[in-house]
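The values are calculated or read from the model by the stated rules, or taken from the named source; none is laboratory data. Just so it is clear, the model here is predicted, and its values are computed rather than measured. In this analysis, Cβ positions are derived from the backbone assuming ideal geometry, glycine residues included, and neighbour counts consider all displayed protein chains. All accessible areas refer to the heavy atoms of the entire protein, side chains included, with ligands and DNA or RNA removed. Shrake-Rupley method; radii C 1.70, N 1.55, O 1.52, S 1.80 Å.
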Amino acid sequence: MANEDKKDFNAMLVDSKDMPKVQIITDEKSIKKYGGDKMYFAPPIDYDKVMRLVPCGKLLTVGTIRDYFTKQSGADFTEPITAGIFVSIVAWASYQRTEDKTPYWRTLKANGELNAKYPGGIEAQKEMLEKEGHIVIQKGRTNIKYYVKDYEKALFTLK
């Protein structure tokens, strides 16, 4: 996201944009990829509620959140693009608040990857995760990415 300092992410967080909703898709490629035609859209505040559940020392992935919403909604899958955007909105909204923070840094991308779109980028998320006892490793030579080592062992179970 660009111009984060000029946006009111807490206003975005509570703007449901007619969500939650289920949309039926007709694109055969997508139906095959996601295993069905019922696509669920969760509002940004729902991502915040789930991300707040993760205790210190535990982790979530965006995919885990999407799977949780899929099961809760009875849909076939949760829309992936808005999921990534809304997780970033949660992070920036928390960053803009002086209190009542959401521990967004505990939510990782696929395969335990750190999220460069969070406030402060990779360095800030890495620092917060390491404070909570996680080991962050670097992978790649040219396209360098950062991951939580053995993140699967620290995954939080959503119920």
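Between the helical axis of 62-73 and the longest alpha-carbon principal axis of the chain there is an angle of about 30 degrees.
Extension gain for LYS21-LYS149 works out to 42.5 nm (0.36 nm per residue, less the C-alpha to C-alpha distance). The 1.4 Å probe gives accessible areas that order ARG106, ARG141, ARG66, ARG52, largest first, as ARG141, ARG52, ARG66, ARG106.
Using 5 Å bins from zero, what percent of all Cα-Cα pairs in the chain falls into each bin? With a bin width of 5 Å, the distribution comes to 2, 9, 18, 20, 19, 16, 11, 5, 1, 0. Taking every protein chain into account, the 1.4 Å probe leaves ASP18 with about 130 Å² of accessible area, to the nearest ten. With a 1.4 Å probe rolled over the protein heavy atoms of all chains, the accessible area of THR26, THR61, THR157 falls in the order THR26, THR157, THR61, largest first. Principal-axis analysis of the Cα atoms of the chain puts helix 121-131 at an angle of about 70° to the longest axis. Taken along the Cα-to-beta-carbon direction at a fixed 7 Å, the label points for THR142 and GLN96 span 3.8 nm.
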